[in-house]
1. ALA201 is checked against (1) out of contact with any Asp or Glu (no Cβ under 8 Å at 6 or more places or on another chain); (2) assigned to a helix (DSSP H, G or I); (3) within 26 Å of THR136 (Cβ to Cβ); (4) aliphatic (A, V, I, L, M) and fails just one. What number does that condition carry?
2. Whether any residue in the range 38-55 is in contact (Cβ under 8 Å) with a residue 12 or more places away in the chain, farther than 30 Å from MET161 by Cβ, in contact with a strand residue (DSSP E or B) (Cβ under 6 Å, 6 or more places away or on another chain) and surrounded by 12 or more Cβ atoms within 10 Å (Cβ to Cβ) is what I want to check.
3. In the range 234-249, how many residues are surrounded by fewer than 18 Cβ atoms within 10 Å (Cβ to Cβ) and in contact (Cβ under 8 Å) with a residue 60 or more places away in the chain?
4. Does the range 217-228 hold any residues that are within 17 Å of GLN162 (Cβ to Cβ) and assigned to a helix (DSSP H, G or I), and which are they?
5. Within the group ALA187, ALA231, which residue is touching a Ser or Thr at 6+ places or on another chain (Cβ under 7 Å), under 30 Å from GLU71 (Cα atoms) and either open to solvent by less than 50 Å² (accessible area, probe 1.4 Å) or not in a loop (DSSP other than H, G, I, E, B) (or both)?
6. Please go through the range 120-135 and give me each residue that is assigned to a loop (DSSP other than H, G, I, E, B), open to solvent by less than 50 Å² (accessible area, probe 1.4 Å) and either closer than 20 Å to ALA201 by Cα or modelled with pLDDT of 80 or more (or both), ordered by number.
7. I'd like the residue in the range 61-78 that is open to solvent by less than 20 Å² (accessible area, probe 1.4 Å) and assigned to a helix (DSSP H, G or I) and, out of all such residues, is farthest from TYR18 (Cα to Cα).
8. Say whether the condition of being part of a loop (DSSP other than H, G, I, E, B) and of a type outside the set (Lys, Arg) is met by at least one residue in the range 153-168.
Amino acid sequence: MGEVSGLTRISVRTLHHYDEIGLLRPSERSEGNYRLYTPADLARLRAALTYRQLGFPLAEVTRLLDAPPAEQRRALETQLLLLQEGQRRTQATIDAVQAMLNTPGAPMSNEDVKAVFDGFDPEQYEPEVQARWGETDAYRQSKARTGRYTRADWEVIKAEMQGINDQYVALMDAGAAPQSPQAQAVAAQHHAHIHSRYYDAPPAMMRGLAQMWVQDERFTRTIDQARPGLAAYQSAAVTAWADAQEAQD
């Protein structure tokens, strides 16, 4: 095991962990009961390290190593789509940050917001928003944060959300379930976006938002402009994410 650790730069402790979870169990033992890795074991380890480098969760790597070749290919194709969308999202964010550096930091008017968000007018919903959530900490927190945002800030926020939607759509096109590890990773990004840009969003609040996306036809209609069925898909993904977070507590 020490030799394998030295060759791969993986700690002995990690190799022990891989053995415990069934990801990489050495096929042979020495007379002194030391673990011995065969060439086939090392090939499996190389495949595992490749999957990890591509961003697959450890549990998914363990499953894929024993999956049929066709299933491994589908998983790689899905991951490729996510990586490509991530690349586009990163470039969009870079462009938005560059715009921020080149734009005076003046707060946005409502007309500016409409220009950034393709005609969406937040003022028309403000009376309803105040009636439903005006007394909540989330509303006050959101108003305080968004009131400081410049047009360049909103361009970055828009690019972030577009990237999240693109990843959901890629997963839908690839046939990945909302409960899949890949979709759960995107749901975690979705939560981080809302939590950092608008207000603190614990799992229970995210579940409430997810329900609203499919129960309020206005939200459904807006979200589904990117792809029919997107609202239901991301609602299911975020709900599963919230359930998993609460199960860990």
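1. The one condition ALA201 does not meet is (2).
2. no
3. Qualifying residue count, the range 234-249: 1.
4. Taking the range 217-228 and keeping what is within 17 Å of GLN162 (Cβ to Cβ), we get 219, 222-227.
Result: PHE219, THR222, ILE223.
5. Details: ALA187 fails: touching a Ser or Thr at 6+ places or on another chain (Cβ under 7 Å).
Within the list ALA187, ALA231, the selection yields ALA231.
6. Taking the range 120-135 as the starting set, the residues that turn out to be assigned to a loop (DSSP other than H, G, I, E, B) are 120-121, 134-135.
When the remaining residues are screened for being open to solvent by less than 50 Å² (accessible area, probe 1.4 Å), the result is 121, 134.
The answer is GLY134, and nothing else.
7. From the range 61-78, those open to solvent by less than 20 Å² (accessible area, probe 1.4 Å) are 61, 64, 67, 75, 78; that's our starting set.
Checking which are assigned to a helix (DSSP H, G or I) leaves us with 61, 64, 75, 78.
Values: VAL61: 11, LEU64: 14, ALA75: 21, THR78: 25 Å.
Of everything passing the filter in the range 61-78, THR78 is farthest from TYR18 (Cα to Cα).
8. First pass over the range 153-168, keeping only residues part of a loop (DSSP other than H, G, I, E, B): none.
Looking for residues that are part of a loop (DSSP other than H, G, I, E, B) and of a type outside the set (Lys, Arg), one finds none in the range 153-168, hence no.
The values are calculated or read from the model by the stated rules, or taken from the named source; none is laboratory data. What you see is a predicted model, and the numbers here were worked out from it, not measured in a lab. Positions of Cβ are backbone-derived with ideal geometry, glycine not excepted, and every protein chain shown enters the neighbour counts. The area values use the complete protein model at the heavy-atom level, side chains included, leaving out ligands, DNA and RNA. Shrake-Rupley method; radii C 1.70, N 1.55, O 1.52, S 1.80 Å.
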